[in-house]
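Chemist: One structure is given below, represented as structure tokens, and several questions about it will come after.
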Amino acid sequence: MIGIEGIGSYLPDTMESNLEKLNKFSINKNFVTDKIGFLNLRRKAPYETTSDLASRAFSNLVESYDLGDIECICLCTQNGDHLIPQTASIIQHKLGLPHSCAAFDISMSCSGYVYGLHIAKAFMDSNGFKRGLFFTADPYSGILSKYDKNTNLLFGDAATVTLLTNKPAYEIKKADFITCGQKYGALMRKESSTLEMDGWGILNFCSENAVSSIKNCLKKNALSPKSVDLVLLHQASKFIVDMISKKTLKAFPDFQGKIPFEAKNIGNTVSSTIPLLLRNIIKVSKEKSVVLCGFGGGLSIATTVVERVT
Amino acid sequence: MNKVTSDSIKDKVVKIVQKVKKNNHNYVLNAHLTSQGADSLDMFDILISIQDTFSINIDIDQIEEDEWSTIEKMANNIINILGNSDT
């Protein structure tokens, strides 16, 4: 059984303060602290590439885990080092992994962690692999307009790497997926332009569908809401997390106090927000059943459950 | 839709706005809510609550065209949508 053994991460030290943008965007302090929720956004150095961020997350993983022979690497990104080739190959080279190591990218945004876990797990299972790495690294800072309030206050840079092995700490259970391709334009980057976001479209879609995805996922895994220890929502913004929490708590009062927002000094790091939260759970708090729910571009929602086995 | 129903919908919208803004402020019904202290995310919060309360769907194009910017416009739109769905 392939599951999660550990998670490594990289957060650039440089932070961009949203409180210094109040005049520029004609907003007040409460809008940043209570609504956006991100006081600071992590920013990679201009020369740092996606494969650099991933390599640094790998270095962090190596500090705590014995990696052994890595047989495959998968990277979730929509901001690879180049359009061609796949950035996973560059990572394989930078990490000095053997030629026998499979390497591939997946193109997903905020629901990418849940998708990637299942893709990598299935890929490993079908090939009899025992040890693989699943990276998330999607630095949006390079594609943001400095004049666009909708995106400039939200996105931060980060990378994570999840060690998937046949001796996991957490088993990956069944997932639920929702796609509304009709609204694909709600989060979009055309050709070489900057990122454009329809906040209402995304919020409305997530607000309508996230709870039903969580419901479906619990049902697929025959889990009662009471047995869930933690619900990790994609840290899109404090407003969206609060909004979905409110709706989730209506449906599942047992989730009270189990839905954290912990990206105040990080920002929305796309597919990295959930593993950044999960990393601490695996290392420190060790909850048994954890729901992971990613939502955003596509428009897309993916929800799964990870369950402690050791 | 008679006046009583129209007034009751306006009252419901006012209550939604007050709940989002956590106050009992007397809002001017035909003035833009953003000129009365609501920011862009308050507006989203209000519109999502309206969708939930009245089981309707609000279109992004209408929001962009300022069709949901005042309490009066909100109430009129709700009445129109509910009226159309009755027929």
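Every number in this text was worked out from the coordinates using simple rules, so none of it is lab data. In this text, all values refer to a predicted model and were calculated from it rather than measured experimentally. Counting neighbours? That spans all protein chains shown, and the Cβs are built from the backbone with ideal geometry, glycine included.
Chemist: Looking at the stretch A:168-216, how many pairs of lysines come closer than 26 Å at the Cα, when each pair is eight or more places apart or spans two chains?
Modeler: Taking the stretch A:168-216 as the scope, the lysine pair count is 4.
Chemist: Count the net charge of all other residues whose Cβ sits under 15 Å from the Cβ of residue A:252, scoring Lys and Arg as +1 and Asp and Glu as -1.
Modeler: Result for the local shell: +4.
Chemist: In whole Hz and in residue order, list the ³J(HN,Hα) couplings for the stretch A:90-99 that follow from phi through the Karplus curve 6.51 cos²θ - 1.76 cosθ + 1.60, θ = phi - 60°; x for Gly and Pro.
Modeler: Going residue by residue, I get 5, 5, 4, 5, 5, 8, x, 7, x, 4 Hz, with x marking Gly and Pro.
Chemist: A follow-up question, please. Is the stretch A:258-310 rounded, prolate or oblate when judged by the Cα gyration tensor, a ≥ b ≥ c being the square roots of its eigenvalues, rounded requiring a/c under 1.5 and prolate requiring a/b larger than b/c?
Modeler: Note, shape of the stretch A:258-310 comes out oblate.
Chemist: Report the full-extension gain for the segment residue A:262 to residue A:33: residue separation times 0.36 nm, less the Cα-Cα distance, to one decimal in nm.
Modeler: 81.2 nm
Chemist: Right, here's the next one. Let me check against my output: what whole-number percent is the relative contact order of chain B, with C-alpha pairs under 8 Å and at least 6 apart?
Modeler: Here the relative contact order equals 40 percent.
Chemist: Turning to a different aspect of this structure: Under the rule of at least 5 residues apart or a separate chain, name every residue whose amide H is placed under 5 Å from the amide H of residue A:155.
Modeler: For residue A:155, whose amide H was placed from the backbone, the distant partners under 5 Å are A:268.
Chemist: For A:58, A:31, A:295, A:261, which order do you get if you count the other beta carbons within 10 Å of each Cβ and list the fewest first?
Modeler: A:261, A:31, A:58, A:295
Chemist: To the nearest whole number, what is the average tally of beta carbon atoms from other chains within 10 Å of the beta carbons of peptide B:35-47?
Modeler: Per residue, the number of nearby Cβ atoms from other chains is 4 on average.
Chemist: Going Cα to Cα from residue A:94, which lysines come in below 25 Å? Please leave out same-chain ones fewer than 8 positions away.
Modeler: The reachable lysines, counting only those whose Cα sits under 25 Å from residue A:94, are A:44, A:121, A:130.
Chemist: Within a Cβ distance under 15 Å of residue A:45, other residues only, what is the Lys/Arg minus Asp/Glu net charge?
Modeler: -2
Chemist: Expressed as a whole number of Å, what is the distance separating the alpha-carbon centroids of the stretch A:273-310 and the stretch A:20-72?
Modeler: Taking the Cα centre of the stretch A:273-310 as reference, the centre of the stretch A:20-72 is 18 Å away.
Chemist: Would you list which lysines come within 22 Å of residue B:19, measuring only between C-alpha atoms, while excluding same-chain residues fewer than 8 positions from it?
Modeler: Those lysines meeting the cut-off are A:29, A:35, A:238, A:246, A:247, A:250, B:10, B:73.
Chemist: So if each residue of separation counts as 0.36 nm, and I subtract the Cα-Cα distance between residue A:220 and residue A:284, what length gain in nm does that give?
Modeler: 20.2 nm
Chemist: Over the whole of A:32-38, what's the average partner chain Cβ count within 10 Å per residue? Rounded to a whole number, please.
Modeler: 1
Chemist: Give me the percent relative contact order of chain A, please, defined on Cα pairs under 8 angstrom at least 6 residues apart.
Modeler: Computed over chain A, the figure is 27 percent.
Chemist: On to the next question. Suppose every Lys and Arg Cβ carries +1 and every Asp and Glu Cβ carries -1, with no other charges. What dipole size does the protein assembly as shown come out with about its Cα centre, to the nearest 20 debye?
Modeler: Roughly 1060 debye for the protein assembly as shown.
Chemist: Could you work out the per residue convex hull volume over the alpha carbons of the stretch A:122-198, in cubic angstrom?
Modeler: Dividing the Cα hull volume of the stretch A:122-198 by its residues yields 158 Å³.
Chemist: Follow-up question, since we're still on this one. Put a dot 7 Å past each Cα toward the Cβ at residue A:196 and residue A:84; how far apart are the dots in nm?
Modeler: About 2.7 nm, to one decimal.
Chemist: Still on this structure: Could you list A:135, A:38 so that the one with the fewest beta carbons within 10 Å of its beta carbon is first and the one with the most is last?
Modeler: Ascending number of Cβ neighbours within 10 Å: A:38, A:135.
Chemist: Please list 3J(HN,Hα) in residue order for the stretch A:142-147, calculated via the Karplus relation 6.51 cos²θ - 1.76 cosθ + 1.60 where θ = phi - 60°; whole Hz, with x for glycine and proline.
Modeler: Values per residue, Gly and Pro as x: x, 10, 8, 7, 6, 9 Hz.
Chemist: Oh, and also: Assuming a ≥ b ≥ c are the square roots of the Cα gyration tensor eigenvalues, decide whether chain A counts as rounded (a/c under 1.5), prolate (otherwise, with a/b larger than b/c) or oblate.
Modeler: Judged from the Cα gyration tensor, chain A comes out oblate (a/c at least 1.5, b/c at or above a/b).
Chemist: Can you give the net charge of the other residues whose Cβ lies under 10 Å from the Cβ of residue A:217, counting K and R as +1 and D and E as -1?
Modeler: Local charge sum for residue A:217: +4.
Chemist: Whole Å is fine, so just give me how far the alpha carbon centre of the stretch B:25-87 lies from that of the stretch A:182-211.
Modeler: Distance between centres, Cα-based: 21 Å.
Chemist: Rounded, prolate or oblate: which fits the stretch B:5-52 when a ≥ b ≥ c are the square roots of the eigenvalues of the alpha-carbon gyration tensor, with rounded for a/c under 1.5 and prolate only if a/b beats b/c?
Modeler: Because a/c hits 1.5 or more and a/b fails to exceed b/c, the stretch B:5-52 counts as oblate.
Chemist: What residue among B:56, B:16, B:46 shows peak mean-square fluctuation when chain B is described by a Gaussian network model with Cα springs under 10 Å?
Modeler: B:56
Chemist: Roughly what % of DSSP beta bridges within the protein assembly as shown run antiparallel, to the nearest 5?
Modeler: In the protein assembly as shown, DSSP labels about 70 percent of beta bridges as antiparallel.
Chemist: Using the count of nearby Cβ atoms within 10 Å as a rough guide to exposure, how do B:45, A:138 rank from fewest to most?
Modeler: B:45, A:138
Chemist: With only Lys, Arg, Asp and Glu charged, each at its Cβ (+1 for the first two, -1 for the last two), find how big the charge dipole of chain B is about the Cα centre; round to the nearest 20 debye.
Modeler: 540
Chemist: Return the sequence-ordered ³J(HN,Hα) values of the stretch A:126-138 in whole Hz as given by the Karplus equation 6.51 cos²θ - 1.76 cosθ + 1.60 applied to θ = phi - 60°, using x for Gly and Pro.
Modeler: Couplings: 6, 10, x, 6, 10, 9, x, 10, 10, 9, 10, 7, 9 Hz.
Chemist: Suppose R0 equals 35 Å; then what is the FRET efficiency for residue A:167 and residue B:51 from their Cβ-Cβ distance, rounded to the nearest 0.05?
Modeler: That pair, residue A:167 with residue B:51, gives E of 0.15.
Chemist: What is the Cα coordinate range of chain B on the first, second and third principal axes, sorted by size from largest, in whole angstrom?
Modeler: 37, 28, 21
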